[in-house]
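The values are calculated or read from the model by the stated rules, or taken from the named source; none is laboratory data. Quick caveat: nothing in here was measured; it's all calculated off a predicted structure. Glycine also receives a Cβ, built like all others from the backbone with ideal geometry; neighbour counts cover every protein chain displayed. Note: areas computed on protein heavy atoms with side chains; ligands, DNA, RNA excluded. Shrake-Rupley method; radii C 1.70, N 1.55, O 1.52, S 1.80 Å.
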Amino acid sequence: PEVDPELAERPARVLPGAAGLLAGACGLTGALVTTWWAGLLPPPAARAFGLPGYPGSGPGLAHWAAYAGAGLLGAAGFGGLARGRTGRAWVLGLFGRYRGTVRRTGLLWVNPLLPRRRVDVRLRHWRSEAMPAVDPDGMALRVVVLVVWRVRDTARALLAIDDHETYVRECVEAALARVPVEPAGGARGGTTAAGDALTRLVAEETAPVGVEVFSVQPVRVDYAPEVAAAVHRRRIAALDARQRASVLGSVVDSVEDTVTRLTTRGLVELDDYDRKVLVRDLTVAFCSGRGEPV
């Protein structure tokens, strides 16, 4: 996918949290002084704050203006306080424009007029549900994959696409439709080769939108229910054929060794007919001893 090259993460302008606390305290102090100036502060409270008595005549236009200024200062100071956490970031915007990303930790002051969107930038693991796939022979599979990923560019991950988590899942599904997955124990690399191909393909598709994919590995590979029975029978037949071939090779070697030792030591003299009969009898005996049908 093509993304606006100017849309890239950059740090936002923030202040230490002490600045917000100071501004909020100044706003509260201004409201208190204005109340005293207007003569509305009770004498016990004035004595508690160490203020002299002031016989004000009530709030006027100047007093209301001072209240407004103090309230705005206090709201801006306390309203902009935020706590940055490790593994979390804020994406700031104003009027549809990207204003920067906050990755700092601790108590911060962020412009309260800028809307914030929180994004998780930690290393994340996602175990998928069973997804459709095929093996190298075109047989239908159900594959569960484990994806290790994180958000690398918060601006692109949140603003270039609708939902970056959904996008990662859809990229994995699309990759499984293109990459054959061989069950474990196969002769063509098994799940390791498929995992490398899936990782490379998904990482290439998610990199332009600010998502970094480290690994896409199949953790469970099963044949689809509609073909599982046929594949199971085929595997049993193949195993049985290999076992019979192994047993037959062992019997033939034993018969050959026995006949050779009998003739070389001069224990028996065999013509072609006797040799065939002896080989037949020995083969039957060895196969019966191994429990194999003749």
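A cut-off under 10 angstrom between Cβ atoms defines the neighbours of residue 93, and their net charge, with Lys, Arg +1 and Asp, Glu -1, is +4. The packing ranking of peptides 62-74, 23-35, highest mean first, is 23-35, 62-74, where packing means the average number of other beta carbon atoms within 10 angstrom of each residue. Once the C-beta distance of residue 150 and residue 21 is scaled by a Förster radius of 41 Å, the resulting FRET efficiency is 0.80 to the nearest 0.05. Size of segment 52-168: Rg and Dmax of its alpha carbons, in Å, are 25.1, 96. With a simple spin-label model that places each label point 7 Å from the Cα along the Cα-to-Cβ direction, the separation between residue 125 and residue 162 comes to 3.0 nm.
Using only the Cα atoms of segment 83-139, build the gyration tensor, take square roots of its eigenvalues as a ≥ b ≥ c, and label the shape rounded, prolate or oblate: rounded if a/c is under 1.5, else prolate if a/b is larger than b/c, else oblate. Prolate, because a/c is 1.5 or more and a/b exceeds b/c. Pop out the carbon and sulfur fraction of the accessible area of segment 2-143 as a percent, whole number, probe 1.4 Å. Looking at segment 2-143 in its full context, I get 63 percent from C and S. Each residue, residue 212 and residue 254, gets one label point 7 Å from its Cα in the Cβ direction; the gap between the two is 6.2 nm.
Classify segment 116-185 as rounded, prolate or oblate from the Cα gyration tensor: take a ≥ b ≥ c as the square roots of its eigenvalues, call it rounded if a/c is under 1.5, otherwise prolate when a/b beats b/c and oblate if not. In terms of gyration-tensor shape, prolate. Computed over protein heavy atoms with a 1.4 Å probe, the accessible surface of segment 117-176 works out to 48 Å² per residue.
What the phi angles of segment 198-207 give under the Karplus curve with 6.51, -1.76 and 1.60, with θ = phi - 60°, is a coupling list of 5, 4, 5, 5, 5, 4, 5, 7, 9, 4 Hz, glycine and proline written as x. On the basis of the beta-carbon distance and an R0 of 30 Å, residue 113 and residue 4 show a calculated FRET efficiency of 0.75.
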